[in-house]
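See structure below.
The values are calculated or read from the model by the stated rules, or taken from the named source; none is laboratory data. Just so you know, these numbers come straight off a predicted model, no measurement behind them. Note that each Cβ is placed from the backbone with ideal geometry, even for glycine, and that neighbours are counted across all protein chains shown. SASA here: full protein model, heavy atoms, side chains in, ligands and nucleic acids out. Shrake-Rupley method; radii C 1.70, N 1.55, O 1.52, S 1.80 Å.
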Amino acid sequence: MTTNTILPSFRVAGSRPDVWTMVNQATAECKVPPVSLSQGFFNYNPPKFVLDAAKKCIDDVSCNQYSHTRGRINLRNALSKAYSPLFNRKLNPETEIVVTAGANEGFYSVFAAYLNPGDEVILMEPFFDQYVSNVQMNGGVPVYVPMIPPKEGAERPVSAKEWKLDMNRLRAAITDKTKMIVINTPHNPLGKVFSEEELNEIADIVLEHNLLVVSDEVYDRLFYTPFVRLATLRPELFRHVITVGSGGKTFGCTGWRVGWIIGDESIINHSAAAHTRICFCVNSPLQEATAIAFEEADKVGYWDDYISSYKKRFSILAKAFDQLGIPYTIPDGSYYVMANFANVKMPENYPFPEHILSRPRDFRLCFWMLKEIGVATIPPTEFYTDEDASMAQDYLRFSFCKTYETLEEGAERLQKLNHFI
């Protein structure tokens with residue numbers, strides 16, 4: 001009896017090994033565990049008031065059953081209360097907010113609701129890698145427009161503001177098949193917060209061509225410079241922009257998988273319908289706990305402490321880079337920093353695996369750093385097309401959503417780079 005191989009869908013058949021798998025495999029092979037400054041997961045617990053909320057809710061009978069497909073009403077009310085002042089309008093919790101299974105399912109629900117085969121979605125490089133698969137799984141075609149790194153980025157610390165979206169290329173990318181644009185502010189991995197001027201240029205294009213925008217604002221509570229929301233710039237934009245948020249990023253509990261989307265009823269309804277068919281509802285106890293967390297956050301002064309703690313965390317890495325003379329991008333928001341390693345010289349004939357040699361220079365830097373310096377990072381060309389990867393091949397992304405002790409140890413290990421600069 002002959003057994004034939006059952007072939008997978010074309011949507012996954014062509015996938016090459018992703019960076020997360022590569023970094024995790026290389027880490028597992030290290031004799032001495034590296035300091036992980038790679039993935040954006042926290043290595044410490046959320047605040048006590050958040051944990052207490054979760055413990056309380058797990059004992060609530062109603063919290064252990066299905067919730068409303070649009071989200072538990074207490075959480076939607078809490079989100080309306082928290083975000084209405086930030087959107088300069090009263091958000092209707094019944095019609096303008098949907099709770100999703102993490103921000104990622106929020107993106108997926110929007111793409112599932114609006115994309116027909118062949119519809120084009122403009123993504124800005126560097127991009128969150130899940131955007132690409134989410135678009136393609138729903139029949140869409142990604143179209144890429146890069147943010148141009150500043151030339152001085154290889155010479156001195158520069159503000160994330162100096163990474164500029166190529167507006168001419170954005171305009172040229174618009175075709176009769178363009179359906180939507182995805183923006184991310186504060187940005188992963190750059191830490192860039194788009195200025196009001198930049199957002200208005202994007203808004204002009206959106207309104208001229210009647211496009212939908214998915215605005216990824218999962219780091220919207222973690223900004224170090226003034227933060228402006230695209231949906232708030234003009235009244236008519238609220239009917240064109242679906243804003244995506246994240247409880248995991250907001251409260252340091254990414255494993256809870258509680259996110260949300262916000263927008264005008266006319267555009268949210270279709271995403272809500274898709275969400276119902278994707279997962280029906282989000283886990284009940286942690287929705288309720290997130291609602292309580294929003295209420296408690298205001299009482300305990302969480303938001304200011306949250307920002308100040310991340311400024312302190314960033315300063316630990318910045319000091320290490322300054323001591324080494326390694327230039328870096330100063331983030332306007334989020335918990336990532338891009339450092340430029342153009343002046344770091346790896347040993348010649350270093351034994352890189354074949355799958356690393358076939359990728360840009362930052363993959364070799366990442367692998368060598370992990371093995372020899374003992375610090376795990378992420379090569380940012382993973383977030384670029386092959387055509388534009390050269391823009392970022394001398395950079396590495398560092399995550400600083402770690403304990404102070406972890407960051408201090410990582411900073412100490414980085415000093416080994418002195419011998420290679």
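Just a few scattered comments:
- Residue ID - least open to solvent (accessible area, probe 1.4 Å), chosen from residues in the stretch 322-359 that are more than 17 Å from residue 407 (Cβ to Cβ) and of a type in the set (Phe, Trp, Tyr): 341
- If you go through the stretch 371-386 and keep only what is in a helix (DSSP H, G or I) and either within 24 Å of residue 130 (Cα to Cα) or of a type in the set (Ser, Thr, Tyr) (or both), you end up with 380, 381, 382, 383.
- The criterion of being at pLDDT below 95, at negative phi and either among the hydroxyl-bearing types (Ser, Thr, Tyr) or touching a helix residue (DSSP H, G or I) at 6+ places or on another chain (Cβ under 6 Å) (or both) holds for residue 41.
- Test: residue in the stretch 279-286 that is open to solvent by 50 Å² or more (accessible area, probe 1.4 Å), out of contact with any Pro (no Cβ under 6 Å at 6 or more places or on another chain) and over 23 Å from residue 226 (Cα atoms): yes
- When we screen 214, 193, 182, 135 for residues that are open to solvent by less than 30 Å² (accessible area, probe 1.4 Å), at pLDDT 95 or above, part of a helix (DSSP H, G or I) and touching a strand residue (DSSP E or B) at 6+ places or on another chain (Cβ under 7 Å), the only hit is 135.
- Candidate set: the stretch 387-411, residues that are assigned to a helix (DSSP H, G or I) and without any contact (Cβ under 8 Å) to a residue 60 or more places away in the chain; chosen: the one least open to solvent (accessible area, probe 1.4 Å): 389
- Screening 263, 259 for residues that are in contact (Cβ under 8 Å) with a residue 60 or more places away in the chain and under 30 Å from residue 55 (Cα atoms) leaves exactly one candidate, 259.
- One residue stands out among those in the stretch 165-176 that are over 20 Å from the mean Cα position of the chain (by Cα) and open to solvent by less than 50 Å² (accessible area, probe 1.4 Å): the one that is farthest from residue 322 (Cα to Cα), which is 174.
- The numbered conditions (1) in a helix (DSSP H, G or I); (2) open to solvent by 50 Å² or more (accessible area, probe 1.4 Å); (3) touching a residue at least 12 places away in the same chain (Cβ under 8 Å); (4) closer than 30 Å to residue 128 by Cα are all true for residue 25 except (3).
- Complete set of residues in the stretch 232-264 that are more than 25 Å from residue 302 (Cα to Cα) and touching a strand residue (DSSP E or B) at 6+ places or on another chain (Cβ under 7 Å): 240, 241, 242, 263
- The stretch 263-278: number of residues that are under 25 Å from residue 63 (Cβ atoms) and open to solvent by less than 10 Å² (accessible area, probe 1.4 Å): 4
- Selection status of residue 82, under 25 Å from residue 401 (Cα atoms), part of a helix (DSSP H, G or I) and touching a residue at least 24 places away in the same chain (Cβ under 8 Å): yes
- The listed residue being acidic (Asp, Glu) and either within 22 Å of residue 231 (Cα to Cα) or surrounded by 20 or more Cβ atoms within 10 Å (Cβ to Cβ) (or both), out of 120, 162: 120
- Scan of the stretch 47-98 for residues that are among the small types (Gly, Ala, Ser) and either open to solvent by 40 Å² or more (accessible area, probe 1.4 Å) or closer than 13 Å to residue 283 by Cα (or both), ordered by number: 54, 62, 67, 71
- Within the stretch 341-359, considering residues that are charged (D, E, K, R) and assigned to a loop (DSSP other than H, G, I, E, B), the one farthest from the chain's Cα centre (by Cα): 348
- Being in contact (Cβ under 8 Å) with a residue 24 or more places away in the chain, charged (D, E, K, R), within 23 Å of residue 270 (Cβ to Cβ) and surrounded by fewer than 17 Cβ atoms within 10 Å (Cβ to Cβ) is a property that residue 234 has.
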